[in-house]
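The values are calculated or read from the model by the stated rules, or taken from the named source; none is laboratory data. Everything numeric in this text was worked out from a predicted model, so none of it was measured. Because the Cβ atoms are built from the backbone with ideal geometry, glycine has one as well, and the counts that use them run over all protein chains shown. Just so you know, the surface numbers come from the protein's heavy atoms only, side chains and all, with ligands and any DNA or RNA stripped out. Shrake-Rupley method; radii C 1.70, N 1.55, O 1.52, S 1.80 Å.
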Amino acid sequence: MTDAEVRRPLVLVVDDTPDNLMLMAGLLKESYRVKVASGGEKALRIAQTAPAPDLILLDIMMPDMDGYAVCRRLKADAATRDIPVVFLTALSEQADEQAGLELGAVDYITKPISAPILLARVRNHIRLKEAADYIRDKNLFLEAEVERRTAHVRAIQDVTIMALASLAETRDNETGSHILRTQHYVRALAEELRHHPRFAAFLTDGVIDLLYKSAPLHDIGKVGIPDAILLKPGKLTPEEWDIMKTHATLGSDSLARAEDRLEGDTPSFLRFAREIADAHHEKWDGSGYPRGLKGEEIPVSARLMALADVYDALISRRVYKEPMSHEQAMAIILDGRGRHFDPDVVDAFRRLAGRFQEIAERYADQTMS
């Protein structure tokens, strides 16, 4: 077979009458490659075998499996559902034609066959199929390209966040394991609360993923705190503590400036990072800092981080303190329900106590008890 012949469209003719198959093949062979089937099962096997037909001319009145049944199975199979089907039949009632079209056929030609009409209809439907295939291939290419570029953007976001988090880490007594632990605490809380009526609309899969990625930037503002205060081994004076508290605003302001430099809508990954940096030291009763936000005024992202950060600080060794046990830390957090923390977030933490312990052990510091 020559290349030109291989490139010709393939038409499958299905009819239980040999004379009809010979007639149809004779009419079509000058312009198309033709395959024939004398029954429904054989037609389905041919349709499912590469190369697939570009068009199927399908008789309705056949024994064992009629054309309607064949069409149903073709349209139910992802491999064959896009092949256009033209019914060929002696049935000429409007209801018969409607039944065929409702099954997904693209046309309905009544017998006896008029050669010019048949060839014109086949030519038109082949052209439509070629156009549809072109659009489908183009859409698949565009979808793949969008996914590739989206993955690239996600990778840039992830690298940007981790680079900034690593920068903050180099200036702090806290370790990279603290970042990993708080990330996982936040995600565990978010997943536990995702079906809660107060949080369900907000905590989608995409948001939970972004919260997990943004969590490492909660203390990015500490890069602006002097070493004498940030690394002081003992208790801070009131004046030093006031300076330390500015890290929340320093971090949120830096991320806000980064947002302003980006065109278009505010990127979600920076929005959540900014919210967390700004408000993870706010308290449910309004006694936190830097702005004294209260209750629902505190973004959900910051409410989750507030609990995660406090729990990890309590169980971690620092130069100025020994670590607490999980039970001691849990008691403090439960006592802060409705004062320091959102009550529903604390309830989620109570249910996740074992999970928090697992995360703490998996990402433990080398010196952690």
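Looking at the structure I just gave you, is residue 213 basic (Lys, Arg) and open to solvent by less than 50 Å² (accessible area, probe 1.4 Å)? So residue 213 passes the test.
Restricting the first residue to segment 75-90 and requiring it to be closer than 24 Å to residue 111 by Cα, which pairs with a second residue that is of a type in the set (Phe, Trp, Tyr) meet a Cβ separation below 6 Å and a spacing of at least six or different chains? If the second residue must be of a type in the set (Phe, Trp, Tyr), the pairs left are 87/108. Being modelled with pLDDT of 90 or more, more than 24 Å from residue 52 (Cα to Cα) and in contact with an Asp or Glu (Cβ under 7 Å, 6 or more places away or on another chain) is a property that residue 187 lacks. Return yes when residue 329 is out of contact with any helix residue (DSSP H, G or I) (no Cβ under 6 Å at 6 or more places or on another chain), crowded, with 19+ Cβ neighbours inside 10 Å and without any contact (Cβ under 8 Å) to a residue 40 or more places away in the chain and no when it is not. No: the conditions fail for residue 329.
Residues in segment 175-204 that are assigned to a helix (DSSP H, G or I), of a type in the set (A, V, I, L, M, F, W, C) and open to solvent by 50 Å² or more (accessible area, probe 1.4 Å): 180 only.
Within segment 233-260, being over 29 Å from residue 160 (Cα atoms) and either open to solvent by less than 70 Å² (accessible area, probe 1.4 Å) or in contact with a Ser or Thr (Cβ under 7 Å, 6 or more places away or on another chain) (or both) holds for 234, 236, 237, 240. For a quick check of your reading of the model, give me the residue pairs whose first member lies in segment 35-54 and is in contact (Cβ under 8 Å) with a residue 60 or more places away in the chain, whose second is open to solvent by 10 Å² or more (accessible area, probe 1.4 Å) and not in a helix (DSSP H, G or I), with beta-carbon atoms closer than 6 Å and at least 6 apart or on different chains. From segment 35-54, the pairs are 54/9. Do we find a residue being out of contact with any strand residue (DSSP E or B) (no Cβ under 7 Å at 6 or more places or on another chain), aliphatic (A, V, I, L, M), modelled with pLDDT under 95 and surrounded by 12 or more Cβ atoms within 10 Å (Cβ to Cβ) anywhere in segment 305-313? Taking every residue of segment 305-313 in turn, at least one turns out to be out of contact with any strand residue (DSSP E or B) (no Cβ under 7 Å at 6 or more places or on another chain), aliphatic (A, V, I, L, M), modelled with pLDDT under 95 and surrounded by 12 or more Cβ atoms within 10 Å (Cβ to Cβ).
For residue 283, the conditions (1) among the basic types (Lys, Arg); (2) in a loop (DSSP other than H, G, I, E, B); (3) surrounded by fewer than 19 Cβ atoms within 10 Å (Cβ to Cβ) all hold with the exception of (3).
Among the residues of segment 238-246, is there at least one that is at positive phi and free of Cβ contacts under 8 Å to residues at least 60 places away in the same chain? No: segment 238-246 contains no residue that is at positive phi and free of Cβ contacts under 8 Å to residues at least 60 places away in the same chain.
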